[in-house]
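These notes concern the structure reproduced below.
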Amino acid sequence: MPSDIVRIAMWSGPRNISTALMRSWGNRPDTFVMDEPFYAYYLERTAVAHPGAGEVIANGETNWRKIVEQLTGPVSDDAHILYQKQMTHHLLPEVNRDWLGQVTNCFLIRDPSEVILSYMKKNDEPTLEDLGFVQQTEIFDFVQRETGSVPPVIDADDVLRDPKRVLRLLCDAVGVEFTEAMLSWPRGPRPTDGIWAKYWYAEVENSTSFRPYQPRAKDIPKRLRGVYEQCHQYYEKLYQYRLH
């Protein structure tokens with residue numbers, strides 16, 4: 001096993017392009033990916049009603065200390081890179097943050113209007129806590145404070161507009177070589193996908209690359225305008241740091 005493992009924790013909220021980005025990294029021959037390692041723990045602790053929650057809990061690790069050991073321990077398949085698809089709202093307050101110093105933390109952001117409208121397809125009443133913007137900023141602030149530097153931030157719209165350019169910038173920022181293998185992947189599921197893939201990953205399973213960027217109507221229902229405005233404040237804070 002290589003001793004110079006690059007451990008990339010990509011922190012994202014839900015309804016982003018996080019699964020497509022996991023496909024991108026997973027198509028590299030030198031990379032092993034982990035799909036939302038804290039999900040079962042999060043569901044057990046919060047009792048949030050998600051599709052297949054019982055199945056996810058039964059098949060996942062629910063001890064956060066053991067999860068951290070997996071994220072910082074040996075890497076499978078002699079990989080040089082361990083890519084962790086992380087959801088910001090899964091990192092509950094009781095999880096000690098010290099382990100973040102052992103990984104390269106990156107942040108995937110998306111316009112909250114697009115996040116909310118996408119989330120509403122699964123849950124018509126998303127809360128501020130559901131959408132992950134507050135937690136993402138908290139993790140970003142912690143990493144910036146502990147490292148004394150600004151961690152890499154990429155915006156989903158930038159990725160979709162020009163995947164090669166943004167992924168090359170990201171690779172440069174985390175100290176690995178960009179490869180064209182990141183721009184496309186075979187259609188279908190992956191053994192590394194979470195057991196929840198059947199509920200959430202249909203679109204990605206039918207994809208072979210990042211979908212082209214398409215501007216969409218962003219009319220937020222009046223009842224969710226307050227949530228949107230709060231999310232937007234956090235989004236703007238990280239947006240100023242994005243790689244572009």
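The values are calculated or read from the model by the stated rules, or taken from the named source; none is laboratory data. Being a predicted model, the structure only gives us computed values, none of them experimental. Note that each Cβ is placed from the backbone with ideal geometry, even for glycine, and that neighbours are counted across all protein chains shown.
Observations on the model:
- Condition met for residue 46 (polar (S, T, N, Q) and within 29 Å of residue 209 (Cα to Cα)): no
- Residue in region 71-81 that is at pLDDT 95 or above, surrounded by 14 or more Cβ atoms within 10 Å (Cβ to Cβ) and among the hydrophobic types (A, V, I, L, M, F, W, C) present: yes
- When region 202-244 is filtered for residues that are at pLDDT 95 or above and either in contact with a His (Cβ under 7 Å, 6 or more places away or on another chain) or outside any helix (DSSP H, G or I) (or both), the ones remaining, listed by number, are 206, 207, 208, 209, 210, 240, 241, 242, 243.
- Of 31, 19, all but one fail to be of a type in the set (S, T, N, Q) and more than 18 Å from residue 201 (Cα to Cα); the exception is 31.
- All of (1) under 30 Å from residue 79 (Cβ atoms); (2) under 17 Å from the mean Cα position of the chain (by Cα) hold for residue 235 with one exception: (1).
- Residues that are free of Cβ contacts under 8 Å to residues at least 24 places away in the same chain, assigned to a helix (DSSP H, G or I) and among the aliphatic types (A, V, I, L, M), drawn from region 38-89: 40, 43, 53, 57, 58
- The number of residues in region 103-148 being part of a strand (DSSP E or B) and more than 15 Å from residue 17 (Cβ to Cβ) comes to 2.
- So residue 186, is it surrounded by fewer than 20 Cβ atoms within 10 Å (Cβ to Cβ), on the phi < 0 side of the Ramachandran plot and either of a type in the set (Ser, Thr, Tyr) or outside any helix (DSSP H, G or I) (or both): yes
- A residue that is of a type outside the set (A, V, I, L, M), under 22 Å from residue 112 (Cα atoms) and buried (at least 19 other Cβ atoms within 10 Å of the Cβ) occurs nowhere in region 217-225.
- Residues of region 91-102 classified as crowded, with 18+ Cβ neighbours inside 10 Å and either touching a Cys at 6+ places or on another chain (Cβ under 7 Å) or assigned to a helix (DSSP H, G or I) (or both), total: 1
- Listed by first and then second residue, the pairs with beta-carbon distance under 6 Å, at least 6 apart or on different chains, first residue in region 173-193 and farther than 18 Å from residue 5 by Cβ, second loosely packed, with under 11 Cβ neighbours inside 10 Å and not hydroxyl-bearing (Ser, Thr, Tyr), form an empty list.
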